[in-house]
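The values are calculated or read from the model by the stated rules, or taken from the named source; none is laboratory data. Note that the structure is a prediction, hence the values are computed from the model and not measured. Methodologically, a virtual Cβ is constructed for each residue, glycine included, from the backbone with ideal geometry; neighbour enumeration extends over all protein chains shown. We work out accessible area using only protein heavy atoms, side chains counted, and drop any ligands, DNA or RNA first. Shrake-Rupley method; radii C 1.70, N 1.55, O 1.52, S 1.80 Å.
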Amino acid sequence: AQSVTQLGSHVSVSEGALVLLRCNYSSSVPPYLFWYVQYPNQGLQLLLKYTSAATLVKGINGFEAEFKKSETSFHLTKPSAHMSDAAEYFCAVSERSSNTGKLIFGQGTTLQVKP
Amino acid sequence: DGGITQSPKYLFRKEGQNVTLSCEQNLNHDAMYWYRQDPGQGLRLIYYSQIVNDFQKGDIAEGYSVSREKKESFPLTVTSAQKNPTAFYLCASSIMGGETQYFGPGTRLLVL
């Protein structure tokens, strides 16, 4: 069965510092991978997704993620944190071979940005 | 503007009461999903539908029911059998199963 693990439920960085949010997945075949962001009391917004093209995926708001098959990882990074990046981030996986579209989510990582 | 709307934003349920959460989309998406979000647990799939008049149970369907009579609508009923309904409920849709899901703003359900 597929699963997603986000290492660290809370990450704190200073404004201008590197953001690194970790995501590891387990899947029998390379899956589709997603990062979503959620601001308080709002829905989820897609940051970026990996389907099968380039392993380095660029998303909105300066975020990017690299798919590493050998490490079964899809970590999210941003070179310089901004106060507006403070939110909860979710990594999700969808089976490539399935047409149900079921997403399996990690537990989420809350990003705090300190001035 | 195209998008997904959920109503109400907040909903209060009394003991033994069934309540229905609305989800409407005007994106012409075929697939629709309901998720439940609890603190520290991520999102869990309740039900999903890939076509009108058809839907499947997700991982935590017990105590919930849905219908899909129209392509643009996928209401979720939280029945009295759901003993712990307090949560944030999110509806999503996608062009078809397997494609990117887009989320509504959510409904927070509280028990009186």
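The set of residues in segment A:19-52 that are among the small types (Gly, Ala, Ser), farther than 28 Å from B:Tyr10 by Cβ and assigned to a loop (DSSP other than H, G, I, E, B) comprises A:Ser27, A:Ser28, A:Ser52.
Taking into account only those residues within segment A:1-53 that are among the hydroxyl-bearing types (Ser, Thr, Tyr) and touching a Leu at 6+ places or on another chain (Cβ under 6 Å), which is farthest from B:Gly42 (Cα to Cα)? Talk me through it step by step, then tell me what you get.
Our first condition is that a residue be among the hydroxyl-bearing types (Ser, Thr, Tyr); within segment A:1-53, this holds for A:3, A:5, A:9, A:12, A:14, A:25-28, A:32, A:36, A:39, A:50-52.
After this cut, where a residue has to be touching a Leu at 6+ places or on another chain (Cβ under 6 Å) as well, the list is A:36, A:50.
Numbers: A:Tyr36: 11, A:Tyr50: 20 Å.
Only one residue fits best here, namely A:Tyr50.
Residue-level check: of (1) within 13 Å of another protein chain (Cβ to nearest Cβ); (2) farther than 17 Å from A:Asn41 by Cβ; (3) of a type in the set (A, V, I, L, M, F, W, C), B:Phe74 misses just (1).
Here is a yes/no grid of residues against (1) within 11 Å of chain A (Cβ to nearest Cβ); (2) open to solvent by 60 Å² or more (accessible area, probe 1.4 Å); (3) modelled with pLDDT of 90 or more:
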{"site": "B:Gly3", "(1), (2), (3)": "yes, no, yes"}
{"site": "B:Ile60", "(1), (2), (3)": "no, no, yes"}
{"site": "B:Tyr64", "(1), (2), (3)": "no, no, yes"}
{"site": "B:Lys83", "(1), (2), (3)": "no, yes, no"}
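Taken together, A:Tyr36, A:Tyr32, A:Tyr25 contain a single residue that is under 16 Å from A:Ser84 (Cα atoms), surrounded by 14 or more Cβ atoms within 10 Å (Cβ to Cβ) and among the hydroxyl-bearing types (Ser, Thr, Tyr), which is A:Tyr36. Residues in segment A:46-95 that are within 13 Å of chain B (Cβ to nearest Cβ) and closer than 23 Å to B:Gly40 by Cβ: A:Leu46, A:Leu47, A:Glu88, A:Tyr89, A:Phe90, A:Cys91, A:Ala92, A:Val93, A:Ser94. Restricting segment B:97-112 to residues that are more than 8 Å from chain A (Cβ to nearest Cβ) and open to solvent by less than 10 Å² (accessible area, probe 1.4 Å), the residue that is farthest from A:Gly101 (Cα to Cα) is B:Leu109. Applying the criterion of at least 1 residues that are closer than 30 Å to B:Gln50 by Cα, touching a residue at least 60 places away in the same chain (Cβ under 8 Å) and open to solvent by less than 60 Å² (accessible area, probe 1.4 Å) to the strands (runs of 3 or more DSSP E) found wholly in segment A:53-106 leaves A:87-94, A:103-105.
Rundown of residues vs (1) among the charged types (D, E, K, R); (2) out of contact with any helix residue (DSSP H, G or I) (no Cβ under 9 Å at 6 or more places or on another chain), yes/no style:
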{"site": "A:Pro30", "(1), (2)": "no, no"}
{"site": "A:Ala54", "(1), (2)": "no, yes"}
{"site": "A:Val57", "(1), (2)": "no, yes"}
{"site": "A:Lys69", "(1), (2)": "yes, yes"}
{"site": "A:Lys78", "(1), (2)": "yes, no"}
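Scoring B:Leu112 on the criteria (1) over 30 Å from A:Tyr50 (Cβ atoms); (2) free of Cβ contacts under 8 Å to residues at least 60 places away in the same chain; (3) aliphatic (A, V, I, L, M); (4) touching a strand residue (DSSP E or B) at 6+ places or on another chain (Cβ under 7 Å) leaves a single failure, condition (2).
Any residue that is away from chain A (no Cβ under 14 Å), out of contact with any Leu (no Cβ under 7 Å at 6 or more places or on another chain) and either surrounded by fewer than 12 Cβ atoms within 10 Å (Cβ to Cβ) or outside any loop (DSSP other than H, G, I, E, B) (or both) - is there at least one of those in segment B:30-50? Steps first, please.
We begin by selecting, within segment B:30-50, every residue away from chain A (no Cβ under 14 Å); these are none.
So far as segment B:30-50 goes, no, none of its residues is away from chain A (no Cβ under 14 Å), out of contact with any Leu (no Cβ under 7 Å at 6 or more places or on another chain) and either surrounded by fewer than 12 Cβ atoms within 10 Å (Cβ to Cβ) or outside any loop (DSSP other than H, G, I, E, B) (or both).
Does at least one position in segment B:86-96 carry a residue that is open to solvent by 50 Å² or more (accessible area, probe 1.4 Å), away from chain A (no Cβ under 14 Å) and closer than 26 Å to A:Tyr89 by Cβ? Scanning segment B:86-96, I find at least one residue that is open to solvent by 50 Å² or more (accessible area, probe 1.4 Å), away from chain A (no Cβ under 14 Å) and closer than 26 Å to A:Tyr89 by Cβ, so the answer is yes.
Across segment B:57-109, what is the total count of residues that are free of Cβ contacts under 8 Å to residues at least 40 places away in the same chain and of a type in the set (Phe, Trp, Tyr)?
To start, the set of residues in segment B:57-109 that are free of Cβ contacts under 8 Å to residues at least 40 places away in the same chain comprises B:57-70, B:81-84, B:86, B:98, B:100.
So of that shortlist, the ones also of a type in the set (Phe, Trp, Tyr) come out as B:64.
Qualifying residue count, segment B:57-109: 1.
Taking the criterion of being at pLDDT 95 or above, in a loop (DSSP other than H, G, I, E, B) and hydrophobic (A, V, I, L, M, F, W, C), the residues of segment A:1-18 that qualify are A:Ala17, A:Leu18.
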